[in-house]
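Novice: Quick one: the structure is below, and I'll ask about it shortly.
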Amino acid sequence: MKSQSFFKHGLPYVDVSDISGKLIVIEGTDGVGRSTQIEILTEWLEVKGYGVINTGWTRSPLLGPAIDQIKRGNTLNQITFAVLYAADFADRLENQIIPALKSGFIVLADRYMYTAFARHNVRGVDPEWIRQVYGFAIEPDLVIYLKIGIEDLILRMFESGKSINYWEAGMDIGLSDDLYESFVKYQTLILNEFDQMTDEFNFKIVDASRWPKSVNSVLKHEIEKLL
Amino acid sequence: MLNLMEDHPYPGKLFIVEGIDGSGKSTQLDLLYKWLISEGYSVFFTEWNSSDLVKKTTKKGKKKNLLTPTTFSILHAVDFADRLANVIIPPLQAGMIVLADRYVYTAYARDVARGVHSDWVRNLYSFAVKPNISFYFKIPIDVSINRILSGRASLKPYEAGMDVGLSDDPVTSFKMFQTRVLSQYDQQIEEFGLTVIDGDNPIDKQQEIMRNYVKNELKGYDQYHPRMIAAETKELLVEKDTKSIVHQI
């Protein structure tokens, strides 16, 4: 079993050699069903007797409000945005994820740095720079990539009664004035980014176009192997 | 993403000052500002850590004692990225002189003194525009401490580096922390070609040296008088800049 380590240049003042928990990341684009899966997995793991902590993307108590404020204003340039998300992640990593892992919890992360890599890359930010910025991230024990094609993604979203929102359609980068068209173009770019990262980061691909129940049994199987 | 190591493409000039607290850099920059204005230049002034968003968040974090060295470092980078795009690059595009009280070298010194990885923080800020001249006001640690301590009743906890846990006594902690910061500055002199000014010299003497460097840098600059070029090349430069920010980082 490998011991936990930092992605690149880590946190020199944090000792991670005593981490006993597991970091499991569920990645995938908007509306692919990550949160539904995490909910089921959390309960399943808790019934098995494991301590579980969920963490999301841009939900830290420190920066969550600032990010919401900026998203409403939509005035920042791409680098500022990228750095702001990294600040939020750093806050969650050090105040929530690392302490939980050190206490032996299983941390289920709804998105991780790969989401940032995908989103910032389609916005023209240097991919090597952003990877170095996230160098202090803990390498996950398992990254599950919920993979879906654009056609299935569209159907799934409308079937679940949701509507397309501004950010999920990538309207900020001006691919199209039409919300639907922009959504299709933007999500296609994002899916392509995730596909391209599969080998680089050793993603475990799970076909997310299937019924949530059968997706879930695949996820449980993968996690059982790890535990 | 090596902007910081390459000369910038803008018609304006960027002069920045660095140094530990109490080095006299702000006094010197203020004198330079007044002189440049009196010479008829268009000058824009900016300082470290000044945006509302980051001030609010930093304050909140400090209050809750939530800020880790890395979060603290990235928060400053947010502020800097925002200021770079909104208040530093546009005046440079317009051909103005921009003066900055502290720049990325402050982060390289302070954040590493707080414990973050030096290569990591160097990469973080590598999108910054390289200044035309970076003045580093170098003073012995004791002079800095005496100036700071005689000027005020108490030290702010973050200023004293209390979060680093060097000592429970603010004054001892401040001394130890500033010593670390100073050593990080010294390491950057060669790495980034900082122009060292002896901060122990009389104020007017330092200012004279500083103005000589600036005069030299401004040779041939008059042709780019801001009021003349602003109108002619504004559109072109705006387009160029948007690209450079996104793609060159």
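Novice: If you go through segment B:121-133 one residue at a time, do you hit one that is modelled with pLDDT of 90 or more, more than 14 Å from chain A (Cβ to nearest Cβ), out of contact with any Ser or Thr (no Cβ under 8 Å at 6 or more places or on another chain) and open to solvent by less than 20 Å² (accessible area, probe 1.4 Å)?
Specialist: yes
Novice: Okay, next question. Tell me the residue from A:Leu45, A:Leu108 that is away from every other protein chain (no Cβ under 11 Å), of a type outside the set (Ser, Thr, Tyr), touching a strand residue (DSSP E or B) at 6+ places or on another chain (Cβ under 6 Å) and not in a helix (DSSP H, G or I), please.
Specialist: So the residue among A:Leu45, A:Leu108 that is away from every other protein chain (no Cβ under 11 Å), of a type outside the set (Ser, Thr, Tyr), touching a strand residue (DSSP E or B) at 6+ places or on another chain (Cβ under 6 Å) and not in a helix (DSSP H, G or I) is A:Leu108.
Novice: Further question on the same structure: When you scan segment B:99-193 for helices (runs of 4 or more DSSP H) that lie fully inside it, which ones turn up with 1 or more residues that are closer than 22 Å to B:Gln207 by Cα and among the small types (Gly, Ala, Ser)?
Specialist: B:141-151
Novice: Hey, among the residues in segment A:209-227 that are assigned to a loop (DSSP other than H, G, I, E, B) and out of contact with any helix residue (DSSP H, G or I) (no Cβ under 6 Å at 6 or more places or on another chain), which one's modelled with the lowest pLDDT?
Specialist: Per the criteria, the residue is A:Trp211.
Novice: Against the definition (part of a helix (DSSP H, G or I) and among the polar types (S, T, N, Q)), how does B:Thr46 come out, yes or no?
Specialist: no
Novice: Within segment A:132-167, restricting attention to residues that are within 14 Å of chain B (Cβ to nearest Cβ), part of a helix (DSSP H, G or I) and not β-branched (Val, Ile, Thr), which residue is most open to solvent (accessible area, probe 1.4 Å)?
Specialist: A:Gln132
Novice: Further question: Given the criteria farther than 29 Å from B:Ile141 by Cβ, assigned to a helix (DSSP H, G or I) and hydroxyl-bearing (Ser, Thr, Tyr), does B:Thr71 qualify?
Specialist: Here the answer is no, as B:Thr71 does not meet what is asked.
Novice: Okay, next question. Name every residue in segment B:5-22 that is open to solvent by 10 Å² or more (accessible area, probe 1.4 Å) and either without any contact (Cβ under 8 Å) to a residue 40 or more places away in the chain or under 19 Å from B:Val121 (Cα atoms) (or both), in order of residue number.
Specialist: B:Met5, B:Glu6
Novice: When you go through (1) in contact (Cβ under 8 Å) with a residue 24 or more places away in the chain; (2) within 22 Å of B:Lys55 (Cβ to Cβ) one by one for B:Lys138, which number turns out not to apply?
Specialist: Evaluating B:Lys138 over (1) in contact (Cβ under 8 Å) with a residue 24 or more places away in the chain; (2) within 22 Å of B:Lys55 (Cβ to Cβ) leaves (2) as the failure.
Novice: Continuing with this model, one more query. Of all residues in segment B:196-210, count the ones that are hydrophobic (A, V, I, L, M, F, W, C) and either surrounded by fewer than 11 Cβ atoms within 10 Å (Cβ to Cβ) or in a helix (DSSP H, G or I) (or both).
Specialist: The total comes to 3.
Novice: Here is a follow-up. Quick check on my filter: what residues within segment B:184-204 are without any contact (Cβ under 8 Å) to a residue 12 or more places away in the chain and farther than 17 Å from B:Leu31 by Cβ?
Specialist: Residues satisfying the conditions are B:Gln187, B:Glu190, B:Glu191.
Novice: Where residues in segment A:78-97 are more than 7 Å from every other protein chain (Cβ to nearest Cβ) and open to solvent by 10 Å² or more (accessible area, probe 1.4 Å), which of them is farthest from A:Ala66 (Cα to Cα)?
Specialist: A:Gln96
Novice: Of all residues in segment B:23-74, how many are within 8 Å of chain A (Cβ to nearest Cβ) and open to solvent by 30 Å² or more (accessible area, probe 1.4 Å)?
Specialist: 5
Novice: Does segment A:6-52 hold any residues that are open to solvent by 80 Å² or more (accessible area, probe 1.4 Å), farther than 25 Å from B:His117 by Cβ and not aromatic (Phe, Trp, Tyr), and which are they?
Specialist: Result: A:Glu39, A:Glu43, A:Glu46, A:Val47, A:Lys48.
Novice: Looking at (1) among the acidic types (Asp, Glu); (2) open to solvent by 50 Å² or more (accessible area, probe 1.4 Å); (3) at pLDDT 95 or above, find the lone condition where A:Asp110 falls short.
Specialist: (2)
Novice: Right, next: What single numbered condition from (1) at pLDDT 95 or above; (2) surrounded by 18 or more Cβ atoms within 10 Å (Cβ to Cβ) fails to hold for A:Gly170?
Specialist: Failing condition for A:Gly170: (1).
Novice: For segment B:75-89, enumerate the residues that are more than 25 Å from B:Gly22 (Cα to Cα) and either small (Gly, Ala, Ser) or without any contact (Cβ under 8 Å) to a residue 24 or more places away in the chain (or both).
Specialist: Residues satisfying the conditions are B:Ala81, B:Ala85, B:Asn86.
Novice: Within segment A:117-131, take every residue that is open to solvent by 40 Å² or more (accessible area, probe 1.4 Å) and over 16 Å from the mean Cα position of the chain (by Cα) and give me the one that is nearest to the other protein chains (Cβ to nearest Cβ).
Specialist: A:Glu128
Novice: Go through segment B:76-106 and give me each residue that's more than 14 Å from every other protein chain (Cβ to nearest Cβ), within 14 Å of the chain's Cα centre (by Cα), within 19 Å of B:Val214 (Cα to Cα) and open to solvent by less than 10 Å² (accessible area, probe 1.4 Å).
Specialist: B:Val98, B:Leu99, B:Ala100, B:Tyr103
The values are calculated or read from the model by the stated rules, or taken from the named source; none is laboratory data. All of these numbers come straight from a predicted model, not from anything done at the bench. Note that each Cβ is placed from the backbone with ideal geometry, even for glycine, and that neighbours are counted across all protein chains shown. Ligands, DNA and RNA are stripped out before the accessible areas are found, and what is left, the full protein with its side chains, is counted by its heavy atoms. Shrake-Rupley method; radii C 1.70, N 1.55, O 1.52, S 1.80 Å.
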